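What follows is a single structure, written as structure tokens, with notes after it.
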Amino acid sequence: MVAHPVTQGIARPSLYKLVDSYKFAEGQEPGQGQWRALMQLTYKLCFMYYNWTGAIKVPAPTMMAHKLAYLVGSSVHTQDMAPSISETMYYL
């Protein structure tokens, strides 16, 4: 899937894999219509990133999670912490 326009060079499509093959309806496997709806949702989420006016390569929740993980990873390890919480997941 290519959601973003290309201004120079060629577009590199993103490949998405469904990790959990949950059932869309009770007792039914996902049909062609449900897969199409899932692909459309993923495509539309590429346009909902708040720091960019156009489309981005990955869906907005994925980009936001990446930025949050980077922020936590870079700021948590630079601060001194109390020894009593150093072995816990206090940043969650």
Would you rank Ile56, Ile85 by solvent-accessible area, highest first, keeping every protein chain in place and using a 1.4 Å probe? Ile85, Ile56
Ordering Thr42, Thr53 by accessible area with a probe of 1.4 Å, largest first, what comes out? Thr53, Thr42
Provide the solvent-accessible area of Tyr16, counting protein heavy atoms only and rolling a 1.4 Å probe, rounded to the nearest 10 Å². 90
Rounded to the nearest 10 Å², the accessible area of Ser84 using a 1.4 Å probe with every protein chain kept is 100
Area of Leu15 that stays accessible when all protein chains are in place (1.4 Å probe, Å², to 10): 140
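The values are calculated or read from the model by the stated rules, or taken from the named source; none is laboratory data. Because the structure is predicted, anything quoted here is derived from the model rather than measured. When the accessible area is computed, the model is the full protein with side chains, heavy atoms only, and any ligands, DNA or RNA have been set aside. Shrake-Rupley method; radii C 1.70, N 1.55, O 1.52, S 1.80 Å.
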